[in-house]
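Data first, discussion second: the structure below is written as structure tokens.
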């Protein structure tokens with residue numbers, strides 16, 4: 001798909017991190033950008049920064065887990081711009097679950113699924129039929145993660161399960177679009193290949209009351225900075241991928257109509273091979289033994 005001035009890109013989770021980097025890159029390509037995020041203050045700051053750079057910007061507070069809000073976003077965007085050419089279902093949260101799977105608070109699962117899985121589905125259902133009806137070239141990018149999307153991450157099992165679901169949902173979307181000979185493509189994004197400095201570690205700040213924990217956490221939430229410090233004190237150097245690099249990978253992938261937006265990584269390739277080999281050999285998943293459960 002060709003990206004050009006006059007097109008419209010919608011990005012959820014756009015107030016910071018990967019979402020904001022995507023919006024900036026689309027704006028640099030000449031697209032009008034629609035920023036959707038649940039965090040009002042950060043959203044307005046992001047929109048103001050883009051406008052100061054000359055971008056055409058519309059911002060709207062949206063909880064992607066609430067279907068009515070995503071549909072209202074689509075109505076608003078089509079009323080204002082008349083079309084959408086790129087849709088990035090990027091909003092996501094960590095669950096904050098502790099302990100073994102059977103010890104998890106059910107509300108951790110409900111909240112993570114509402115945002116990470118239902119939020120993607122709501123975006124697809126609200127926008128894709130109108131994108132198809134418009135007849136223009138278009139593209140949908142759904143954000144997954146190597147943690148679950150490529151291989152299970154038992155230490156963050158709730159998050160990993162939701163990101164695995166995003167992969168399968170996007171594969172299904174791709175197949176349905178191909179069957180309809182649509183001019184709209186689909187991709188699944190695996191940000192990386194290294195760690196990213198995003199607000200995912202502080203997702204709990206936006207956790208809605210309806211999914212409040214039914215019991216207090218046993219340990220305090222740990223910020224990315226605290227985790228990074230602990231890793232380095234343990235002798236493990238941590239590499240980070242700039243979010244701008246992720247955005248560039250997405251733009252390149254849209255232009256190439258690439259389904260797997262998966263940057264080259266020795267670690268990811270090793271995980272993919274190990275999991276595939278386990279399945280093909282009908283062998284128990286020994287590749288999980290390297291993980292230490294909480």
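Any read-out appearing in this document is the output of simple, stated calculations on the displayed coordinates, not a laboratory observation. None of these values were measured; they are calculated from a predicted model. Using ideal geometry, Cβ is built from the backbone for each residue, glycine included, and neighbour counts are taken over all protein chains shown.
Using a Förster distance of 30 angstrom, determine the FRET efficiency expected from the C-beta separation of residue 48 and residue 98, and round it to 0.05.
0.20
Just to be sure I follow: if Rg is taken over the C-alpha atoms of region 4-94 and Rh is the Kirkwood radius over the same atoms, what is Rg/Rh?
Numbers: Rg = 11.7 Å, Rh = 12.7 Å.
Answer for region 4-94: 0.93.
Compute the FRET efficiency between residue 67 and residue 233 as 1/(1 + (r/R0)^6), taking r as their Cβ-Cβ distance and R0 = 41 Å, and round to the nearest 0.05.
0.40
For region 75-191, just list the percent of Cα-Cα distances falling in each 5 Å bin from zero outward, please.
With a bin width of 5 Å, the distribution comes to 2, 12, 21, 21, 15, 12, 8, 5, 3, 1.
Taking the 0 to 90 degree range and rounding to the nearest ten, how far is the long axis of helix 157-179 tilted relative to the main principal axis of the chain, both from C-alpha atoms?
Helix 157-179 sits at roughly 40 degrees to that axis.
What does the highest-first list of 92-100, 253-261, 43-51 look like by mean Cβ count within 10 Å?
92-100, 43-51, 253-261
Tell me the label-point distance for the pair residue 215, residue 178, using the 7 Å Cα-to-Cβ offset, in nm and rounded to one decimal.
4.6
When the distances between all Cα atoms of region 1-160 are binned every 10 Å from zero, what whole-number percent does each bin get?
11, 38, 32, 14, 4, 0
For region 45-107, report the translational diffusion coefficient in µm²/s to the nearest whole number, using Stokes-Einstein at 20 °C, 1.002 mPa s, and a Kirkwood Rh over Cα pairs.
Answer from the Stokes-Einstein relation: 144 µm²/s.
Using Cα atoms only, what is the angle between the long axis of helix 266-280 and the major principal axis of the chain, expressed in degrees (0 to 90) to the nearest 10?
It works out to around 70 degrees.
Where does each of 156-165, 279-288, 197-206 land if you order them by average Cβ count within 10 Å, highest first?
Ranked from most to least packed, the peptides come out as 156-165, 197-206, 279-288.
Can you give the Rg to Rh ratio of region 95-141, both from alpha-carbon atoms, with Rh computed by the Kirkwood formula?
Looking at region 95-141, the ratio lands at 1.26.
Taking the chain as the reference, fit the longest principal axis to its C-alpha atoms, fit the long axis of helix 243-256 to the helix C-alpha atoms, and give the angle between the two in degrees, 0 to 90, nearest 10.
Here the helix axis deviates by roughly 60 degrees.
What percent do you get for the relative contact order of the chain when only Cα pairs under 8 Å and 6+ apart count?
19
Taking 7 Å along the Cα-to-C-beta vector as the label spot, tell me the residue 197-residue 226 distance in nanometres, rounded to one decimal.
1.9
Stokes-Einstein D for region 8-290 at 10 °C, 1.306 mPa s, Kirkwood Rh over Cα pairs, in µm²/s?
D, rounded to a whole number, is 81 µm²/s.
Return the tail of the calculated pair distribution for region 232-294, meaning the percent of Cα-Cα pairs more than 20 Å apart.
54
Mind ranking 172-183, 7-18 by how tightly packed they are, going by the mean number of other C-beta atoms within 10 angstrom, highest first? Mind showing how you got there, number by number?
On the way: 172-183: 13.4, 7-18: 25.9.
Averaged packing, sorted descending, gives the order 7-18, 172-183.
Most fluctuating residue of 20, 196, 262 in a GNM of the chain with Cα springs under 10 Å: which is it?
Top of the fluctuation ranking is 196.
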